[in-house]
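Visitor: Below you'll find the structure I mean.
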Ligand SMILES: NC(=O)c1ccc[n+]([C@@H]2O[C@H](COP(=O)([O-])OP(=O)(O)OC[C@H]3O[C@@H](n4cnc5c(N)ncnc54)[C@H](O)[C@@H]3O)[C@@H](O)[C@H]2O)c1
């Protein structure tokens with residue numbers, strides 16, 4: 001326990017499991033107050049389940065056990081009215097929003113060459129992975145700018161930096177998110193609102209966070225869930241997968257005042273994957 005985020009109010013999307021849960025608990029351990037957001041329902045066209053309300057409640061419990069005040073919100077980042085409602089509820093409960101972590105994202109539908117991707121498959125990926133962070137930024141940006149302070153952390157991916165075969169929509173959505181990060185950083189710089197991105201490499205689906213994205217990425221390219229860790233490790237320069245906690249540690253730094261002169265940064269946490 002430490003106090004690097006003491007006094008800060010943070011909204012974390014996709015907090016029901018995975019990296020979002022790791023970010024939430026890392027923020028709680030640094031004494032942030034938390035608004036934990038998740039769709040907590042499946043998405044038509046996404047070929048694997050999203051988190052449940054009980055998983056979102058479990059994240060909330062873990063954070064409360066660390067001493068954090070927590071508000072949970074079931075909301076879909078594809079809906080502008082949901083994003084606005086989250087921002088309103090956060091301000092009603094905690095008075096302001098200091099930090100927004102745009103973490104909610106989907107890895108599928110994927111596994112097809114570009115010309116096989118359908119309109120619906122393309123649209124759902126863009127709507128969640130790129131439209132979601134844009135809508136959430138819209139919902140909190142004006143108030144942050146008025147208060148002359150805030151930190152927005154976008155969880156992109158190495159897929160925002162390099163291409164991956166048969167993942168065109170995911171890669172395009174994450175490159176778009178890196179672009180949104182840079183553009184928003186410039187828009188908000190005069191207002192002292194910082195916008196940065198973290199680009200994780202292949203993150204291990206750990207039991208404690210109940211993440212499942214890496215297994216689903218593997219499945220979409222024909223790798224059995226039991227074999228996916230071994231398959232992905234062969235591509236990692238450090239011969240190890242990234243842990244969700246590694247991504248959370250970068251998010252803590254970006255959320256805190258320690259990074260007060262960092263904006264528009266795109267930080268890889270990928271064990272060297274994108275250095276090649
Ligand atoms: N796992 C990896 O290897 C990896 C690597 C690089 C980047 N990322 C990125 O990290 C982020 C989190 O991934 P993860 O591995 O924890 O995945 P995950 O599937 O385990 O968790 C994603 C969470 O987002 C929620 N969510 C999805 N769509 C939503 C929506 N429309 N509105 C609100 N909530 C929604 C889900 O319910 C789930 O709780 C994603 O943006 C992903 O692209 C993951």
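Visitor: I'd like the FRET efficiency for residue 147 and residue 79, computed as 1/(1 + (r/R0)^6) with the beta carbon distance as r and R0 of 35 Å, rounded to 0.05. Write down the numbers at each step before the final one.
Guide: Numbers: r = 25 Å, r/R0 = 0.72.
Taking R0 as 35 Å, the efficiency between residue 147 and residue 79 is 0.90.
Visitor: If you average the C-alpha positions of segment 175-213 and of segment 142-166 separately, how far apart do those two centres end up, in angstrom?
Guide: 4
Visitor: Let me ask something else about it. Using Cβ contacts closer than 10 Å as the measure, can you line up 238, 144, 125 from fewest to most? Numbers along the way, then the final one.
Guide: Working: 238 12, 144 24, 125 28.
Listing 238, 144, 125 from fewest to most nearby Cβ atoms yields 238, 144, 125.
Visitor: How are the C-alpha pair distances of segment 223-276 spread across 10 Å bins, as whole percents from the shortest bin up?
Guide: For segment 223-276, the binned pair fractions read 21, 39, 27, 11, 1 percent.
Visitor: Another question, then. Diagonalise the Cα gyration tensor of segment 1-100 and give the resulting equivalent ellipsoid semi-axes, square root of 5 times each eigenvalue, largest first, whole Å.
Guide: Working: eigenvalues 99, 51, 18 Å².
For segment 1-100, the ellipsoid semi-axes come out as 22, 16, 10 Å.
Visitor: What FRET efficiency do you get for residue 91 and residue 6 if R0 is 25 Å and r is their Cβ-Cβ distance, rounded to the nearest 0.05?
Guide: Values: r = 19 Å, r/R0 = 0.77.
E between residue 91 and residue 6, to the nearest 0.05, is 0.80.
Visitor: Projected area of segment 149-203, taken from the Cα convex hull and averaged over every viewing direction, in nm²? Don't skip to the answer; put the middle values down first.
Guide: Details: hull surface 14.9 nm².
If you wrap the Cα atoms of segment 149-203 in a convex hull and average its projections, you get 3.7 nm².
Visitor: Which three extents, in whole angstrom, do the alpha-carbon atoms of segment 75-153 cover along their principal axes, largest first?
Guide: Reported extents, whole Å, longest axis first: 47, 20, 15.
Visitor: Still on this structure, please answer the following. May I have the extent of the alpha carbons of segment 119-190 along their three principal axes, as whole Å values ordered from largest to smallest?
Guide: Principal extents (Cα only, largest first): 43, 23, 15 Å.
Visitor: Let me ask something else about it. Which of 112, 174 has the fewest other C-beta atoms within 10 Å, and how do the rest follow up to the most? It would help to have the intermediate numbers written out before the result.
Guide: On the way: 112 15, 174 28.
Fewest-to-most Cβ neighbours within 10 Å comes out as 112, 174.
Visitor: Below 8 Å, C-alpha to C-alpha, sequence gap of six or more: please give me the relative contact order for the chain in percent. Mind dumping the intermediate values first?
Guide: Details: 598 pairs, mean separation 54.0, N = 276.
Relative contact order here is 20 percent.
Visitor: Quick one: give the max-minus-min coordinate of the C-alpha atoms of segment 114-160 along each principal axis, largest first, in Å.
Guide: 47, 22, 10
Visitor: When you take every Cα atom in segment 187-252, what is the radius of gyration, and what is Dmax, the widest Cα pair distance, in Å?
Guide: For segment 187-252, the Cα radius of gyration and maximum Cα-Cα distance read 15.3, 49 Å.
Visitor: What does the convex hull of the Cα atoms come to per residue for the chain, in Å³? Don't skip to the end; give the middle numbers.
Guide: On the way: hull volume 32.0 nm³, N = 276.
Per residue, the Cα convex hull of the chain comes to 116 Å³.
Visitor: Further question on the same structure: For Cα pairs less than 8 Å apart in space and 6+ apart in sequence, what is the mean separation divided by the residue count of segment 1-141, i.e. the relative contact order in percent?
Guide: Working: 268 pairs, mean separation 37.8, N = 141.
After rounding, I find 27 percent.
Visitor: Treat the count of other C-beta atoms within 10 Å as a stand-in for reagent exposure and order 113, 152, 221 from fewest to most. Each step should come with its number before you reach the end.
Guide: On the way: 113 9, 152 29, 221 14.
Fewest-to-most ranking of 113, 152, 221: 113, 221, 152.
Visitor: Related question: Specify the angular offset, from 0 to 90 degrees and rounded to the nearest 10, of the alpha carbon long axis of helix 53-65 from the longest principal axis of the alpha carbons in the chain.
Guide: Approximately 50 degrees, to the nearest 10.
Visitor: Once you have all Cα-Cα distances for segment 109-267, histogram them in 5 Å bins from zero and send the whole-percent values.
Guide: Calculated over all Cα pairs of segment 109-267, the distribution is 2, 9, 16, 19, 19, 15, 11, 6, 3, 1 percent.
Since every read-out is calculated from the coordinates, none of them should be taken as a lab result. Every value quoted in this text rests on a predicted model; they were computed, and no experiment measured them. We place every Cβ from the backbone using ideal geometry, glycine too, and count neighbours over all the protein chains shown.
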